[in-house]
Amino acid sequence: MPSGAGESPVSLEIDEGVAVVTLDRPPVNALRPEVWEALFPLLRKAHANPAVKAIVLTGANGKFCAGFDYTLFGTPAMAAILDSRGELLGQLAALLENGSKPTVAAIEGAALGGGLEMAMACNARVAADGAQLGLPEVRLGLLPGMGGTQRLPRLVGVPQALNLMLSGQSISAEDGLAIGLVDKVTAPPSQLLTAAKAAALELAASAAPRRRALQLSQHMQQVGEVFAAAAAAVAEAQARVNRSLAGQQHYLLLLEAVAAGLAQGAPTGLQQEGEGFRAACESRLHRLLLGMFKLSRQLKTARGPAWVLLQVQQFLGFAWIWFYVHWIYVWTSFLMGYNKARKRSKDRAAAGSGSAAGGSRAAAGARKKK
């Protein structure tokens, strides 16, 4: 029976031993405080119910979850979320990953940002044909903030994870299956819930291994060849960012979180991710990119003279972002080059003075012999 009532953005229905928890906040089931405040008690209720063997997390209206509601960013509400991030979002992910009942994410439509991070916290993922998965936070000057920098590398490997996170691009369900992000793809999409329930019952019966992403070690080890390959991928990505994306600090914060998780384990990586997410949220670049994103959303509905004015404003905004980013890049490159040239000059001067001193000593010795 459904247990979501009235205007609740989350509902719970128990069917043949499987609790189906459904996000229902149109149009894209975006994450907001009222969503996770409703989600927490329903998940706890499902875990405590002896009639429930497993849990399926899904979204209504053909959408899983498109991540955090972008209107929260830059508001006092987001500041409050940041202050309690570890308690709110960490508990949600931990409950999905380590609760008493296994969890399966049934993904249809978009699973982006925090939506994909919730899905990765589940013990398995079943996606409908046509679903899109991605972590696009870098496009807003951010990095994943709900465990994505730690779970994605452990599921698909560090090189693949870095490609996804640094590009901000989404991939298809089929590509997700190929790299290990998705466990099964259903076609047609109408079979999604049936397949997800079957997968959940298999986990409950121990017919399939229950995978907890933060405990996976195939791609993330602290010694040996696996560690060396992963560390090399992070170092290469850092060099590429320093070379091509200087001044965009959120990329480096993302890489620092991945590196911390690789070298010191998931708890340290999660802490580094949280600190980096807060720093990125407070950055000027994030505010600029967020303003441009909100403006582009408004342009989709604006018409008439206002539409023209918004287009002009958008052009000026993009020009300012281009100038801001590239000015930082040029200035940083100049400083780096200046410091290197200055060091080389000092080294040559020191070598020259050393040679001169050696020559003077040799001449003095020759005079003494005479």
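The values are calculated or read from the model by the stated rules, or taken from the named source; none is laboratory data. The model shown is predicted, which means the values in this text are computed figures rather than measured ones. Because the Cβ atoms are built from the backbone with ideal geometry, glycine has one as well, and the counts that use them run over all protein chains shown.
List of remarks:
- Number of positions in the stretch 113-133 that are crowded, with 24+ Cβ neighbours inside 10 Å and farther than 23 Å from G17 by Cα: 7
- Hey, L201 farther than 30 Å from L289 by Cβ, at pLDDT 95 or above and touching a Lys or Arg at 6+ places or on another chain (Cβ under 7 Å) or not: yes
- Residues of the stretch 64-82 satisfying the condition of being assigned to a helix (DSSP H, G or I), surrounded by fewer than 15 Cβ atoms within 10 Å (Cβ to Cβ) and either in contact with a Gly (Cβ under 6 Å, 6 or more places away or on another chain) or not aliphatic (A, V, I, L, M) (or both): T71, P76
- Count of the stretch 153-197 residues which are among the small types (G, A, S), farther than 13 Å from D129 by Cα and part of a helix (DSSP H, G or I): 4
Residue-by-condition table, conditions (1) in the same structural domain as T186 (by TED's automatic domain parsing); (2) closer than 23 Å to N98 by Cα; (3) over 23 Å from the mean Cα position of the chain (by Cα); (4) among the small types (G, A, S):
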{"position": "L23", "(1), (2), (3), (4)": "yes, yes, no, no"}
{"position": "W36", "(1), (2), (3), (4)": "yes, yes, no, no"}
{"position": "L43", "(1), (2), (3), (4)": "yes, yes, yes, no"}
{"position": "P50", "(1), (2), (3), (4)": "yes, yes, yes, no"}
{"position": "I55", "(1), (2), (3), (4)": "yes, yes, yes, no"}
{"position": "N61", "(1), (2), (3), (4)": "yes, no, yes, no"}
{"position": "C65", "(1), (2), (3), (4)": "yes, yes, no, no"}
{"position": "L72", "(1), (2), (3), (4)": "yes, no, no, no"}
{"position": "A79", "(1), (2), (3), (4)": "yes, no, no, yes"}
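- Residue within the stretch 10-25 that is touching a helix residue (DSSP H, G or I) at 6+ places or on another chain (Cβ under 9 Å), of a type in the set (K, R) and farther than 30 Å from G291 by Cα present: no
- Filter pass, L96 being modelled with pLDDT of 95 or more and not in a strand (DSSP E or B): yes
- For N61, the requirement of being surrounded by 14 or more Cβ atoms within 10 Å (Cβ to Cβ) and modelled with pLDDT of 95 or more is not met.
- Residue, nearest to V158 (Cα to Cα), within the stretch 224-247, restricted to residues that are modelled with pLDDT under 90 and surrounded by 16 or more Cβ atoms within 10 Å (Cβ to Cβ): L245
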